[in-house]
Amino acid sequence: MVHRSEVSCFSLLFGRKASTGNRHVVEIDEEVSSVSNCTLYNYKELRVATDDFSLANKIGEGGFGCVYKGKLRNGNVAAIKVLSAESRQGVREFLTEINVISDIEHENLVELFGCCVEGNHRILVYGYLENNSLAQTLLGGGHSNIHFDWQARVKICIGIAHGLAYLHEEVRPHIIHRDIKASNILLDKHLNAKIADFGLAKLIPPNMTHVSTRVAGTLGYLAPEYAIRGQVTRKSDIYSFGVLLLEIVSGRSNTNTRLPVEDQYLLERTWQLHERNELLVLVDAALDGQFDAEEACRFLKIGLLCTQDMPKLRPSMSTVLKMLKGEIYVNDKKITKPGLISDFMDLKVRGGSKESLALGTHLTQCRLVQTRWIPPPHQEILQRLLPRPPPTCMITAIERGLQNLAFTLTISFWPSSMQALHILM
Ligand SMILES: Nc1ncnc2c1ncn2[C@@H]1O[C@H](COP(=O)(O)OP(=O)(O)OP(=O)(O)O)[C@@H](O)[C@H]1O
């Protein structure tokens, strides 16, 4: 094991690019130099730890690459994440992960032991967690033999809330995780929850309430205002936490298109049941009625409070924590309708009226929202946007972007100039 103060392996990683001397490289170099307190492992140690990255030691695979279980020289068992050459996430997220969590320690955050950046290898080394992720266990459709009784679920929800409250309110600068979801919650052998995967996280500079960014994250957990305007605040994490809370209580994932239509979207379903005063219907049947009904109802209401359409109405994480623990009375709180990213069928024009669109005037930028993207014929999109598309208007290009979440339409009006519309799903 080699410490950063002794050897800077980062120059090896970026050595080839550095010789090109462009601005991008300088930026990356600056970021690299800001990495601190990260233990550097040499590749040979990790090869030995994982028995040459053998299939038998492979425990998972994500957007970053393969994850192996291994025993380090000091006896610690580690989860060793190898950035693949084809990784969709890449070096930037590798660096973000290191920058964000190498300095912080909390019982509800995964522990980054260190990293390896030798030659072309980019590897992250974490503390190994025995019970996999919530996505693969609780929401894994019966592929796990872990029984999540009510007490275990309460502990998990409170643990995640603790971890997030720490990131949002205690760490300086504050951290927005940006990808809170069931597959990023890992469980140790006592079913303590640990938040993982900080590759998309953002540090909020002091005195700023939000940062503008590309939309990333996972559909189903994305707060609408973030999806629409790309402005990320702690309230977008709180929205995702609310969705996750509903998943943990109900034991199902936020979207399941195999269910009857009225049941497919957990958040919509929860709102309908809340309006009918029937929230308890949602509690996981696998609990066989063995749960505290008052507490379960409270948790579901907190899920709804966190997913309200207006970010400012969503409680902060420390308030959520108090609500979960029963220290703040939830029944007093008015709950407004959750923010839902509209269906393609209710495609909405934002930032420009349909009239201005029809006339091809006053339209600088316009964003449209949909959840399920099935590319319809151009003419059909136009008809949804404009009840009577003028004959002088036509979609001339659709460009996919942002992990297929966003689309930019180029609409040409004659005789006026081209206009671009952004579509997010
Ligand atoms: N610290 C860890 N301890 C034990 N297992 C882990 C650990 N980290 C990751 N894993 C396993 O590796 C799998 C892949 O993790 P990874 O974070 O790369 O991807 P993901 O979160 O599942 O997906 P995505 O990258 O698309 O978000 C996890 O689902 C889990 O099973």
Output ordering of 251-260, 317-326, 115-124 (per-residue mean of other Cβ within 10 Å, highest first) is 115-124, 317-326, 251-260
Packing-ranked peptide list from 90-98, 43-51, highest mean Cβ count within 10 angstrom first, is 90-98, 43-51
Kirkwood hydrodynamic radius, the stretch 150-341, all distinct C-alpha pairs: what's the number in Å? 16.7
Fully extended, how many nm does the chain gain between E169 and N145 (0.36 nm per residue separation, minus their Cα-Cα distance)? 5.1 nm
Could you check the simple spin-label distance between N74 and E295, using points 7 Å along Cα→Cβ, in nm with one decimal? 3.6
Among 64-72, 237-245, what's the highest-first ranking by average C-beta atoms within 10 angstrom per residue? 237-245, 64-72
Just to verify a number: FRET efficiency for Y329 and T39, C-beta to C-beta distance, R0 = 51 Å, to 0.05? 0.65
Net lengthening on full extension, E268/E61 (0.36 nm per residue, minus Cα-Cα): 71.4 nm
Full extension from S318 to A135: what is 0.36 nm times the residue separation minus their Cα-Cα distance, to one decimal in nm? 63.4 nm
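Bear in mind that the values in this text are calculations on the coordinates, not laboratory data. In this text the structure is predicted, and so the values were computed from the model without any measurement. Virtual Cβ from ideal backbone geometry, glycine too; neighbours counted across all protein chains shown.
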